[in-house]
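All remarks here apply to the structure that follows.
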Amino acid sequence: MVAAASIWYLFIADTAADNDVVGGVADLANGIGELPALVSDTSAYSSFWDFVVDDEGLGTILGHTWDHAQLVGTSMFFAVLIATALGILVHRVKALAGIVVGISSILLTIPSLALFSIFIPVSWIGIGDRGPLIALGLYSILPILRNTVTGLEEVDAAVVESAKGMGFSAFQRLRRIELPLAWPVILTGIRVAALLNVGIAAIAVLVGGSGLGVYINDGLTRYPNPGSVERMWTGVVFTILLALILDLIFTLIRKFTTPSGLR
Amino acid sequence: MTSTASSPIDPAPNQHSATGVEKPATMISLQGVTKTYDGSVIPAVDSLNLDIPEGEILVLVGPSGCGKSTTLRLINRMIEPTSGRIIFDGEDVTSVNPDLLRRRIGYVIQQIGLFPHQTIAQNIATVPRLLGWDKAKINARVTELLDVMGLPNDFKDRYPKELSGGQAQRVGVARALGSDPAVLLMDEPFGAIDPITRDRLQNEFLRLQSELKKTIVFVTHDIDEAIKMGDRIAILGEQSRIAQFDTPERILAYPIDDFVADFIGSGSTLKGLNFERVRDIDISTSFPVVSHDTSATEAKTVLDASPERSLLVLDAKSHPARWLNDKDLAATPADLLAAGVEVTSTLPMHATLHDALEELLMSNAGQATVVDNSGVYQGIVDIEVLADVLKGMRAAARRHYEVHVDSAGQS
């Protein structure tokens, strides 16, 4: 997932450059290009470490990391509820599949910066974390929805048939048979969406939101002044760390929530 | 019940009676049931009337696509009938809540469909849990059912993926019996199992049924399975039209039309031999038999007086010992027990006529020697005896249809 997170940073850089909303965003790519220099130049490396430990302080950075995690967590919470409900609906009413999956696919193609900015004019959203929360939630719907539908469809028809034949009501069938059996697949969808969002959430700062994007943005604005590269790297490294921790958490959730008969 | 290897079809003792016309009470009754699928003009099942007798296995058998599975699924309303009524134990269940109806009817399908995320115990407890039994009662029931199905108690905590096909099917049947329903619906339950295991499961199931006396509707496309499992068989044609509804022995002895005759195929006479047992027929006692202490000359006189080509020598305990023919006796042996050919196998009284046929074809003399439980000679079954029995069975079945022409089956 580290690779995936990095790819998302490139994606964000591209999108931002295409939209040309924030001057100098394209330079982010150059910043990443300086990676070999950072690694080989011990002074640069130690200045990154100094920045984290002394200048900015680990506590402050972890605070921003926590904000970042909250952005992802809160948006995911609602996305999971909406997307699984939609997934169940689509599974029951097959005619809706095309429309629902189509709309959520389109959502995923909207450039992230655009989707973050689009809500600013709405009076009760404006500047801040609300817009990013909605945008992140919308981005999560497709992976979760698609995996919910796939997961439910992959449940052995004979199992559903025998459950029905023994007198399970439609709801009991869903709750006790279909959802538990589809759960590993649904969880994979949630995990993909969550890790995707860890990357995208870095853009929240551009619409006045919180999170680790603050460091990347600061670094970009100050470039090439001293400390700017360190700031950008702080944003990148802690985002990746957050993604790794999330991945670990999902591995644990998977381990403890997959019924033993399916392992 | 243990299957004798020689017999492909081995019904439970006394399960079938060739002549009985006893009509048990009706457990389930389909009245003018029709199912027409959306977008189709031709009904899949067309105004079907079917009375399912209580405590018996009724096999629905027919070619693929005849609607036998649809018919089965109409009973527990997995498929809703387009018109007609379903009477279950005297109650019209055509429009009751189908989920509640299904909890009263056991259901076994070919693919079994065990819940992979639940333990064997949880699987078996499915319907009791739906019915809200308390834990202790459920636990006791699960233990009992594992025992009944011949599964070890430590299977309780295992998962379906750890079971072989045969074990999984046993668990499937145990699950269907969970709340001890009066009725079981089985849709090709042994269809996906290898022939050896299938034979064993069929025999186990028949033994179980002889104790449980459930009302069972059993769907298969295999006429041999139908003959083996069914107390009664309904042979279905297109749109679930009942071509013949009767006991297996009568269907075999008297296929009512060409469709049925074609479906049961050649060899139906031989299959019919499985329904008669040696003890129930008149075995020939006129066969030439001498005791071991008879002189060779006397024995020759006995043989000459009979139309047979050989005679049977009994030993001191009256057990069949040797076959002797003309040539053997011409040598005037001092000890009859040292001459001729040894009797290598005998037929017990409870053997089927199918066993008898095999025995007489294999024996040197062309006869099967019948003995009682202690091995004492009782008589002989030869090809003429079998032919007479078959003729009798056919005649009886024909008489039945001539007498009961209006009430025979559903036709």
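The values are calculated or read from the model by the stated rules, or taken from the named source; none is laboratory data. In this text the structure is predicted, and so the values were computed from the model without any measurement. When we count neighbours, we look across all protein chains shown, and the Cβ atoms used for this are built from the backbone with ideal geometry, even at glycine. The accessibility values were calculated without ligands, DNA or RNA, using every heavy atom of the protein model including side chains. Shrake-Rupley method; radii C 1.70, N 1.55, O 1.52, S 1.80 Å.
A 1.4 Å probe, protein heavy atoms only, puts the accessible area of residue B:210 near 60 Å². When the accessible area of each residue in the stretch A:157-203 is compared between its chain alone and the complete protein assembly (1.4 Å probe; ligands, DNA and RNA ignored), which residues differ by at least 40 Å², being lower in the assembly? Listed in order, they are A:158, A:159, A:161, A:162, A:164, A:165, A:166, A:167, A:168, A:176. Under 5 Å from the amide H of residue B:289 lie the amide H atoms of B:312, each residue being 5 or more positions distant or on a separate chain, with H modelled from the backbone and absent for Pro and chain starts. Between the stretch B:36-60 and the stretch A:105-182, the alpha-carbon centres lie 42 Å apart.
Our compactness index for the stretch B:159-268, the C-alpha radius of gyration over the empirical 2.2 N^0.38 Å, is 1.17. Shielding of peptide A:106-118 by partners, expressed as the average count of other chain Cβ atoms within 10 Å per residue Cβ, is 0.
Comparing B:158, B:232, B:85 in a Gaussian network model of chain B where C-alpha atoms under 10 Å apart are linked, the largest mean-square fluctuation is found at B:158.
When the convex hull of its Cα atoms is viewed from all sides, the protein assembly as shown shows a mean projected area of 45.7 nm². When DSSP beta bridges are restricted to pairs lying wholly in chain B, around 55% turn out antiparallel.
Among rounded, prolate and oblate, which fits chain B when a ≥ b ≥ c are the square roots of the eigenvalues of its C-alpha gyration tensor, a/c under 1.5 means rounded, and a/b larger than b/c means prolate? Prolate, because a/c is 1.5 or more and a/b exceeds b/c. GNM remark for chain B: springs join alpha carbons under 10 Å apart, and the peak mean-square fluctuation among B:308, B:225, B:204 falls on B:308.
Peptides B:170-178, A:125-133, B:189-197 ranked from most to least packed, by the mean per-residue count of other Cβ atoms within 10 Å: B:170-178, A:125-133, B:189-197. If you roll a 1.4 angstrom probe over the protein chains with everything in place, what fraction of the accessible area of the stretch A:51-262 belongs to carbon and sulfur, to the nearest %? So the carbon and sulfur contribution to the accessible surface is 70 percent.
In order along the stretch B:70-82, the Karplus-derived 3J(HN,Hα) couplings, from 6.51 cos²θ - 1.76 cosθ + 1.60 at θ = phi - 60°, round to 4, 4, 4, 6, 6, 5, 9, 6, 5, 10, 7, x, 6 Hz, and Gly and Pro are given as x.
Expressed as a whole percent, the accessible surface of the stretch B:122-229 that belongs to carbon and sulfur atoms is 49, based on a 1.4 Å probe. Contact-buried residues of the stretch B:63-102, at a threshold of 10 Å² lost accessible area versus the chain by itself: B:73, B:78, B:99, B:102 (1.4 Å probe; DNA, RNA and ligands ignored). For residue A:211, the residues 5 or more places off, or on other chains, whose built amide H falls under 5 Å of its own are A:68. The mean number of Cβ atoms from other chains found within 10 Å of a Cβ in peptide B:156-163 is 2, as a whole number. Helical runs (DSSP H, four residues minimum) scored at -39500 (n - 2.57) apiece and divided by the length of the protein assembly as shown put the mean residue ellipticity at 222 nm at -15000 deg cm²/dmol. Computed over protein heavy atoms with a 1.4 Å probe, the accessible surface of the protein assembly as shown works out to 45 Å² per residue. What quantity of accessible surface, computed with a 1.4 Å probe and excluding non-protein components, is buried in total between chains A and B, in Å² to the nearest 100? Adding both sides of the contact gives about 2000 Å².
Residues B:228, B:161, sorted by accessible area with the largest first, give B:161, B:228 [1.4 Å probe; ligands and nucleic acids excluded].
This model, with +1 at the C-beta of Lys and Arg and -1 at the C-beta of Asp and Glu, gives chain B a dipole about its Cα centre of some 1520 debye.
Near the amide H of residue B:218, within less than 5 Å, lie the amide hydrogens of B:58, B:59, B:60, B:186, all on another chain or at least 5 residues away, with H placed in the peptide plane. The charge dipole of the stretch A:51-262, taken about its Cα centre with unit charges on the Cβ atoms of Lys, Arg (+1), Asp and Glu (-1) only, comes to about 800 debye.
For residue A:123, the solvent-accessible surface with a 1.4 Å probe is about 110 Å², rounded to the nearest 10. The magnitude of the dipole of the protein assembly as shown, with charges of +1 and -1 set on the Cβ of Lys/Arg and Asp/Glu and taken from the Cα centre, is near 1680 debye. Figure note: A:124, A:233, A:183 ranked by solvent-accessible area, largest first, 1.4 Å probe, ligands and nucleic acids not counted: A:124, A:183, A:233.
Just report the Cα centroid separation between the stretch A:58-88 and the stretch B:332-398, whole Å. Between the Cα centre of the stretch A:58-88 and that of the stretch B:332-398, the gap is 84 Å.
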